[in-house]
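The values are calculated or read from the model by the stated rules, or taken from the named source; none is laboratory data. None of these values were measured; they are calculated from a predicted model. Quick reminder, even Gly has a Cβ in these numbers, built from the backbone with ideal geometry, and neighbours come from all protein chains shown. These accessible areas exclude ligands, DNA and RNA; they are computed on the full protein's heavy atoms, side chains included. Shrake-Rupley method; radii C 1.70, N 1.55, O 1.52, S 1.80 Å.
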Amino acid sequence: MPGKKGINPIRSMAEPLELKKTLNLPKTEFSMKASLPQNEPKQLAAWEAEHLYERILEVRKGKPLFVLHDGPPYPTGEIHLGTGLNKILKDLVVKTKSMAGHYAPYVPGWDCHGLPIETKVEKELGGKGKVPPAEFRSLCREFAARYVEQHKRDFKRLGIFGRWNEPYLTMNFDYEAVIAGAFLDFMEKGYVYRGRKPVYWCFHDSTALAEAEVEYEDHVSPSIWVKFAVVGGGKGEASKLGSDISAVIWTTTPWTIPHNRALALHPDFDYAVVETERGTLLLAADRVAALQAECSIAEARIRATYKGRDFEGMNFQHPFLPIQVPGVLATYVTLDQGSGIVHTAPGHGVDDFNTGQKYGLEIAAPINDRGIYLEGLPEYKGKDVFTANPIIVKLLADHGALLGHHSYKHSYPHCWRCHNPVIFRATEQWFIGMDQAAHGASKSLRQETLEKIRGVKWIPSWGEDRMYEMIAERPDWCVSRQRFWGVPIIVFYCDSCGKRLEDFKALRNVVKWFEKEGADAWYKHTPEELLPAETKCSCGATKWRKENDILDVWFDSGSSHLAVLKGPEWPADVYLEGPDQYRGWFHSSLLIGIGIRNNPPYRGVVTHGWTLDEKGQPMSKSLGNTLYPAEICERWGADLLRLWVASVEYQADVKMSERVMVQLSDAYRKIRNTFRYGLSNLVDFDPARDALPNDQLEEMDRWMLERTADLVKRCREWYAGYDFHRVYHAIHDFCVVDLSSFYYDVLKDRLYTKAAKSKSRRSAQTAVWKITSALVRLIAPILVFTAEEIWKYLPKTPGEDESVHMALFSEEQELRADIASKQVALWELLSKVRAEVLKALETARNEKKINSGLEAKVLLNAELELKAKLKQYLPLLPGLFIVSQVDFLTAGTGDYRSDAIPGLEVTIQKAEGAKCERCWNYSTHVGENLRYPTVCERCTEALAEIEGAHEEATTGR
């Protein structure tokens, strides 16, 4: 009743509403300023406290399995930008697969053995051999563990989710046992042998090196041309050549001349006997001009030519040793450099060694682990090989055998850790035979591997050919190293007869020790303790001695799939690393997978490029052009680094600089502000209460949902193909162009001025909510911190996930609004017309005809078909163009003629009527509402709805 206390409906609306308070102005606590360096660590702490990673796996249980197997970096020092690129790319893969509905665990790993750690520990100790092996191994383990913890911290700071509390480490006891067991598997299958072959040798670190442990750097070597006098022999006419003729060789390794045991010629090349002022010389006919240029020879007259095959068996006198060396044939001889006759030292090169095997040559390499000559003339015996270079050059000159000598800068193999030049040296090593078939098999390890490469998906596709060529051309795998920090080669020799123990059941007893104590057991226990009791040799003896070598670290890391991937996790879906891993981890993992399980350990391989500075130079401390992830996180935040990773075409080399980060900061700001605008218009929106079905939305809203569905579809396809840069650019453009510059710009009037609960505004809010929800899910794998912040402010339906990272990507069909293709085409047309109208408005502003778009009346002229289409949407055009009125020209032509849309003309006039105080549109109806005389007809309708809603709220009717 009117007089009842607390109820006075008449009085509640007696006074007109304050117009400003009737507007639905944007409001949100989502900050415009990200402050990522300050806020990201807080979010990390919250995730850790909430056990987010474990909860993600829990909600994905039972989903299809996806495994990215992590390639283990070395735990030595601060992570660099290349490592950050690698880990973020892996995280993008895992997160996108998880949000696509997969159970996608990520187990990070570290390669803790080998030279990288040993070198650091030796540096801390002040040199080599300072402590016993067992103690040295303990120090290496402590060093590795220390840096693993530092790396963990740094990787987690980048927003990378994973099993950080239980990573895999190659020094873990169970892992070391797997490595040892894998080697025994290879040995038992018949792949392993011990032999004397030339291998890369670092005499600074006194160890053999694999090809993957060699890096090429510039080096200056002595380039020499040397004479070997003909002694006699040969075939046909060549056999008549006398000792006045000398064969000419060229080399950049004078130190190998003492170990020369042959001269190699190509059987099919033409070789010339040339008379010069320096004597009569024998060399390839096509290299005479090069000889003259290099050795300053003025006159060269060809006396006769022969085929290379004619010199097979001819003997030549060594320049300063009392030995003769034969002429041999080899098809690897080229005419690119040198004389076309190759100095052959079988103890110092793979081709030389193979030729030596073919011809039964001595494999001479009397050089110790420190690169010092153990035999030879007094001039160089006891010297290291590089010190001996000038000594041997002088010897050649003193014996009249030196034709030419100068410095030669070239690319030369260096040790990957100490960066000293290495040599080829024939030593006794353990090898896995590439051309050996397993017992009972018909195909060799090389043949099996080459066949299986074709079944792997390589991204980029050139990876397939690169791996194929490397496997096809590689030598046998030297798997032994003369170091301490690694997994020992489980081999025992009989103390009495020296025979190797081949009882594999007994040998596998050592693996059990490793499972309990790790590989340290090898150094703590006697052979008799490690082997089963009373293990006997065939000679009856029971005393054994242990092998001293350890396994190549690439065998360690290459065994990771055996140690880490259990049951259905093997093979992994993908490996992702840099291009150097084609001769490293990709390579060793493949050989071990084929050798033990007859299949590759991966279904797919993805390769990223190197990180460069803005000038295209590799980043390095010495050049001072490095940017470290920690520095970037401190200055810009991890999300900006992740945005950079997602923005680049990572399969090629990628550039990074401060300028790049500044540009990305601007792109990030635009994306963030787009989300902020969406959130600011959802403050009074409850999806469960206010969301409308897609088919009840206004047509423009349905069209934008359709465009969002298209975006979701494309981005999910790109994510599935690891094309992250396409996702980033599509989302960025959608935020900046489709939303900020178009849809949200047009929507402001409806969101701000319509009654809060009106269907028109709820339609807009529903679309904004669905678009924001879809976009934040799409961006979550990239901007992990920002997306989580957005998610906290995004209205949700009951039961939705607490973290965006527990959510799934939106389904394309959820966003489809059943808008006909004809309508879609019309809206595409309208958006183009709008762009042309905005150009005309800008011209009018510049000409001072209007100050703002709302002061304008737009008059359109168009060809009949276009005009008919525009007429259908005439009531919507003022809102679309953000002007007060739109009509068609009745006569004449427009002031602005469009080049993009044939027949479209636009004229801009001052809008008719007065300015509405509430919405700022101009209207001839302002003043008609007596209660609100300063508003237009649109606001009259909105105010009536607002007052009605207010009355209903206060009276309950």
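Rounded to the nearest 0.05, the FRET efficiency derived from the C-beta distance between Leu374 and Asp174 at R0 = 41 Å is 0.45. Considering helices alone, the calculated mean residue ellipticity of the chain at 222 nm is -12000 deg cm²/dmol, with DSSP H runs of length four and up weighted by -39500 (n - 2.57) and normalised per residue. The spread of Cα positions in the stretch 250-340, taken along each principal axis and listed from longest to shortest, comes to 32, 26, 22 Å. Surface composition of the stretch 140-250: carbon and sulfur make up 48 percent of the accessible area, probe 1.4 Å.
For the stretch 810-928, the square roots of the Cα gyration tensor eigenvalues, ordered a ≥ b ≥ c, give a/c of at least 1.5 with a/b no greater than b/c, which places it in the oblate category.
Between amide H atoms placed 1.01 Å from N, distances below 5 Å from Asn599 occur with Ile594, all of them 5 or more places distant or on a separate chain. Looking at the chain alone, DSSP beta bridges between its own residues are antiparallel in about 75 percent of cases. Cross-link partners for Lys307 among the lysines, with Cα-Cα distance under 21 Å and sequence neighbours closer than 8 places in the same chain left out: Lys227, Lys235, Lys240, Lys358. Here the chain is treated with +1 on each Lys and Arg Cβ and -1 on each Asp and Glu Cβ, and its dipole about the Cα centre works out to around 1560 debye.
As I understand it, the dipole of the stretch 152-192 uses +1 on the Cβ of Lys and Arg and -1 on the Cβ of Asp and Glu, about the Cα centre. Which of Leu184, Asn172, Phe161 lies farthest toward its positive end? Farthest towards the positive end: Phe161.
Report, to the nearest 10°, how far helix 173-189 tilts away from the longest principal axis of the Cα atoms in the chain, using its own Cα long axis and a range of 0 to 90°. Taking Cα atoms only, the helix is inclined about 50 degrees. Classify the stretch 176-247: rounded, prolate or oblate, from the alpha-carbon gyration tensor (a ≥ b ≥ c, eigenvalue square roots; a/c under 1.5 rounded; otherwise prolate if a/b is larger than b/c)? Note, shape of the stretch 176-247 comes out oblate. In summary, the lysines within cross-link reach of Lys27, defined as a Cα separation below 23 angstrom excluding same-chain residues under 8 places away, comprise Lys670, Lys748, Lys754, Lys757, Lys759, Lys770, Lys792, Lys796.
Considering only Ala34, Leu68, Thr96, and ranking their Cα positions along the charge dipole of the stretch 19-96 that arises from unit charges at the beta-carbon of Lys, Arg, Asp and Glu, the one farthest toward the positive end is Ala34.
Near Ala262, the amide H atoms lying under 5 Å from its own belong to Thr344; only residues 5 or more places off or on other chains count, and H is placed 1.01 Å from N. Here the gap between Glu188 and Arg597, fully extended at 0.36 nm per residue and compared with their Cα-Cα distance, gives a gain of 145.9 nm. Expressed to the nearest 5 percent, the antiparallel share of DSSP beta bridges inside the stretch 217-306 is 85 percent. Helix 350-359 and the long axis of the chain differ in direction by around 40°, with both axes built from C-alpha atoms.
For the chain, the longest principal axis of the Cα atoms and the long axis of helix 821-846 meet at an angle of about 80 degrees. In the chain, taking the dipole from charged Cβ atoms about the Cα centre, the farthest positive-side position among Thr251, Leu623, Leu841 is held by Leu841. Cross-link check: pairs Lys61/Lys516; Lys197/Lys381; Lys615/Lys832; Lys123/Lys152; Lys457/Lys655 evaluated at a Cα-Cα cut-off of 29 Å; pairs beyond the cut-off: Lys61/Lys516; Lys615/Lys832. Distance from the C-alpha centroid of the stretch 607-651 to that of the stretch 760-791: 29 Å, rounded to the whole angstrom. Legend: Rg and Dmax of the chain, from Cα coordinates, 38.9, 139 Å.
Between Lys128 and Arg55, the distance separating the two model label sites (each 7 Å from Cα on the Cα→Cβ line) works out to 5.4 nm. In sequence order, the stretch 600-609 has phi-based couplings of x, x, 9, 8, x, 9, 10, 10, 10, x Hz under the Karplus curve 6.51 cos²θ - 1.76 cosθ + 1.60, θ = phi - 60°, and Gly or Pro positions carry x. Protection proxy ranking of 481-489, 875-883, by the mean of other Cβ atoms within 10 Å over each peptide's residues and highest first, is 481-489, 875-883. Under a 5 Å amide H cut-off, with hydrogens placed 1.01 Å from N, Ile245 pairs with Val230 among residues at least 5 apart or on other chains.
Local charge for Asp556 was computed over the other residues whose Cβ lies under 11 Å away, with Lys and Arg +1 and Asp and Glu -1, and equals -2. In this entry, the stretch 41-161 is assigned a mean projected area of 9.0 nm², taken as a quarter of its C-alpha convex hull surface. Note on the stretch 336-422: Rg/Rh from Cα positions, Kirkwood definition for Rh, rounded to two decimals, is 0.97. Charging the Cβ of each Asp and Glu at -1 and of each Lys and Arg at +1, and nothing else, the dipole of the stretch 768-817 about its Cα centre rounds to 160 debye. Residues in the chain average 43 Å² of solvent-accessible surface per residue, probe 1.4 Å, ligands and nucleic acids excluded.
Residue-wise HN-Hα couplings along the stretch 421-429, as the Karplus relation 6.51 cos²θ - 1.76 cosθ + 1.60 with θ = phi - 60° gives them from phi, are x, 10, 10, 8, 9, 6, 9, 6, 9 Hz; Gly and Pro carry x. Computed over the stretch 611-719, the range of Cα coordinates on each principal axis works out to 64, 29, 19 Å, biggest value leading. Potential lengthening of the chain between Ala949 and Ser35 amounts to 325.0 nm, from the contour at 0.36 nm per residue minus the alpha-carbon distance.
Under Stokes-Einstein, with the Kirkwood radius over Cα pairs as Rh, the value for the stretch 511-601 at 4 °C and 1.567 mPa s is 82 µm²/s. Once you reduce the stretch 276-308 and the stretch 717-757 to the center of their Cα atoms, the two points are 74 Å from each other. Please list, by residue number, everything in the stretch 469-490 whose backbone N is under 19 Å from a paramagnetic label point 7 Å out along Cα→Cβ of Ala145. Within reach of a label on Ala145: 485-487. 3J(HN,Hα) along the stretch 706-723, derived from phi through the Karplus expression 6.51 cos²θ - 1.76 cosθ + 1.60 where θ = phi - 60°, amounts to 5, 5, 5, 4, 4, 4, 4, 4, 5, 5, 5, 5, 5, 4, 4, x, 6, 8 Hz, with x in place of Gly and Pro. Per the Kirkwood formula applied to alpha carbons, the stretch 520-666 shows a radius of gyration over Rh ratio, Rg over Rh, of 1.19. Got the relative contact order for the chain handy, in percent, Cα pairs under 8 Å and 6 or more residues apart? Relative contact order here is 14 percent.
Relative to the compact-globule estimate of 2.2 N^0.38 Å, the Cα radius of gyration of the stretch 771-874 comes out at 1.62.
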